[in-house]
1. Taking only pairs six or more apart or across chains, which ones have beta-carbon atoms under 8 Å, a first residue in segment 319-345 that is within 15 Å of residue 281 (Cβ to Cβ) and assigned by TED's automatic domain parsing to the domain that holds residue 215, and a second residue that is surrounded by 15 or more Cβ atoms within 10 Å (Cβ to Cβ) and of a type in the set (Lys, Arg)?
2. Can you pull out the residues in segment 2-18 that are among the hydrophobic types (A, V, I, L, M, F, W, C) and surrounded by 10 or more Cβ atoms within 10 Å (Cβ to Cβ)?
3. Tell me yes or no: at least one residue of segment 80-87 is of a type outside the set (Phe, Trp, Tyr), under 24 Å from residue 178 (Cβ atoms), buried (at least 18 other Cβ atoms within 10 Å of the Cβ) and assigned by TED's automatic domain parsing to the domain that holds residue 161.
4. From the list 170, 164, 212, pick out the single residue that is over 17 Å from residue 95 (Cα atoms) and either in contact with a Lys or Arg (Cβ under 7 Å, 6 or more places away or on another chain) or surrounded by 18 or more Cβ atoms within 10 Å (Cβ to Cβ) (or both).
5. Residue 247 is checked against (1) in a loop (DSSP other than H, G, I, E, B); (2) free of Cβ contacts under 8 Å to residues at least 60 places away in the same chain and fails just one. What number does that condition carry?
6. Which residue out of 58, 24 is surrounded by fewer than 19 Cβ atoms within 10 Å (Cβ to Cβ) and not charged (D, E, K, R)?
7. Could you tell me which numbered condition residue 79 fails, if it satisfies all but one of (1) more than 28 Å from residue 169 (Cβ to Cβ); (2) in contact (Cβ under 8 Å) with a residue 12 or more places away in the chain?
8. Of everything in segment 233-292 that's among the β-branched types (Val, Ile, Thr) and touching a Phe, Trp or Tyr at 6+ places or on another chain (Cβ under 8 Å), which residue is surrounded by the most Cβ atoms within 10 Å (Cβ to Cβ)?
Amino acid sequence: MGNSITILAGSPDPWPMPWAKTVTVENLNLWGVRRDFIPPSAPWRIFRPLNFFEFAATRFGFFPEMLIFSIRALQILKKISAAKNFHILHDVQSLGYGLLLAKHLQRPLVTTVHHPLTIDFQASLERDRNFREKYYTVVFYPLRMQRRVIQKCDRVLTSSRETAGEIQRAFGVSPQKIRMVYNGLDTDFFSPANGTPRKPNSLLFVGNTDDAKKGILYLLQALSLLPERITLTIVDLGAPQKIYAPELVKQFGLTKRVIFTGKLSAESLRQMYRVSELVVLPSLYEGFGLPAAESMACGTPVVATRAGALPEVVGEDGAGLLVPPRDPGELAQVILQLLADSPARAQMGIKGRQRVETFFTWEKVAGRTVEVYRELI
């Protein structure tokens with residue numbers, strides 16, 4: 001749209017962005033790493049001040065990555081801002097203290113928050129089984145830092161009306177600062193594949209099974225109530241990398257009916273959407289629910305819960321079906337109903353694609369974002 005963009009990004013490296021200048025921000029990704037944490041090619045890097053702070057903090061379960069990223073980004077920003085006169089500083093959900101110092105550059109500060117971390121914090125506490133797990137939850141989430149920083153931002157972009165309300169409640173942000181900008185996706189890439197046969201009685205779940213908010217427990221409970229011909233593919237790592245969902249699969253006797261794909265390329269993920277009969281999102285909360293939009297873009301029907309922003313994404317006009325969260329019986333019933341009704345699935349696929357083209361293209365997201373930039377400038 002004619003705007004010049006410089007992106008400061010930590011690892012893992014983003015996909016190529018030829019329309020922007022990308023500056024790499026150092027990041028050792030030390031959280032959760034208990035062995036082989038010293039970079040073999042440059043072992044002295046661990047003793048740099050911020051790297052060593054990250055190493056020390058992560059040994060006690062803290063997650064300092066957002067704080068450290070904001071400080072490193074500030075250092076880079078000071079060097080390059082003299083040569084390039086930026087009009088807007090746009091943070092994407094780091095909300096680290098470094099942003100407060102960036103305010104001294106006297107440029108409007110925007111942040112994008114898909115949902116406040118208080119949601120993750122509460123969901124993690126709910127699943128914790130003992131004091132040790134609760135301790136790691138408490139020290140992991142930098143809620144106080146994010147609350148202080150977000151209140152100093154000039155605008156807060158968020159992807160749903162539901163999330164806007166949560167940001168106001170959790171962080172005390174004035175509603176006058178919040179602007180709703182839906183998430184987007186590449187509708188040329190995520191598209192129906194005419195003529196590609198779908199695998200009969202196949203369900204697809206896309207998400208982090210270790211995240212309690214994703215509701216994998218209730219989907220597996222629902223699957224145990226369904227006929228054995230119905231199978232589930234989970235786009236996430238299985239054992240031994242992840243334990244929670246694989247243990248539930250064994251507990252419910254579903255080993256022969258559930259497949260973990262591990263991490264997939266974008267092309268492989270698109271293919272999974274195209275060949276599955278239903279995509280299921282049993283979430284307890286979603287700030288947006290990108291798998292729902294990606295599935296709809298591919299013409300695949302969605303069964304989702306009335307949780308968080310999912311009703312806003314799926315809508316009430318026939319693009320998908322919504323069920324109450326934490327209700328495996330109702331979820332199983334709706335899945336069985338849809339799998340038995342091929343014409344209904346085909347119609348839902350058409351309506352889902354139409355809804356994505358109306359609301360969730362990158363062009364619409366970019367246009368709305370630029371409106372906020374112009375408002376601030």
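The values are calculated or read from the model by the stated rules, or taken from the named source; none is laboratory data. Source: prediction; values computed, not measured. Glycine also receives a Cβ, built like all others from the backbone with ideal geometry; neighbour counts cover every protein chain displayed.
1. Between residues of segment 319-345 that are within 15 Å of residue 281 (Cβ to Cβ) and assigned by TED's automatic domain parsing to the domain that holds residue 215 and residues that are surrounded by 15 or more Cβ atoms within 10 Å (Cβ to Cβ) and of a type in the set (Lys, Arg), the close pairs are 319/351; 319/355; 338/345.
2. Residues of segment 2-18 that are among the hydrophobic types (A, V, I, L, M, F, W, C), as a first pass: 5, 7-9, 15, 17.
Listed by number, the residues that qualify are 5, 7, 8, 9, 17.
3. Checked segment 80-87: no residue is of a type outside the set (Phe, Trp, Tyr), under 24 Å from residue 178 (Cβ atoms), buried (at least 18 other Cβ atoms within 10 Å of the Cβ) and assigned by TED's automatic domain parsing to the domain that holds residue 161.
4. Details: 170 fails: over 17 Å from residue 95 (Cα atoms); 164 fails: over 17 Å from residue 95 (Cα atoms).
None of the others qualify; the one that does is 212.
5. Failed condition: (1).
6. Values: 58 fails: surrounded by fewer than 19 Cβ atoms within 10 Å (Cβ to Cβ).
Of 58, 24, the one residue that is surrounded by fewer than 19 Cβ atoms within 10 Å (Cβ to Cβ) and not charged (D, E, K, R) is 24.
7. Result: residue 79 fails condition (2) only.
8. The initial filter retains those residues of segment 233-292 that are among the β-branched types (Val, Ile, Thr), namely 233-235, 243, 249, 255, 258-259, 261, 275, 279-280.
Filter again for touching a Phe, Trp or Tyr at 6+ places or on another chain (Cβ under 8 Å), leaving 233-235, 279-280.
Values: 233: 18, 234: 24, 235: 21, 279: 26, 280: 29.
Among those that are among the β-branched types (Val, Ile, Thr) and touching a Phe, Trp or Tyr at 6+ places or on another chain (Cβ under 8 Å), it is 280.
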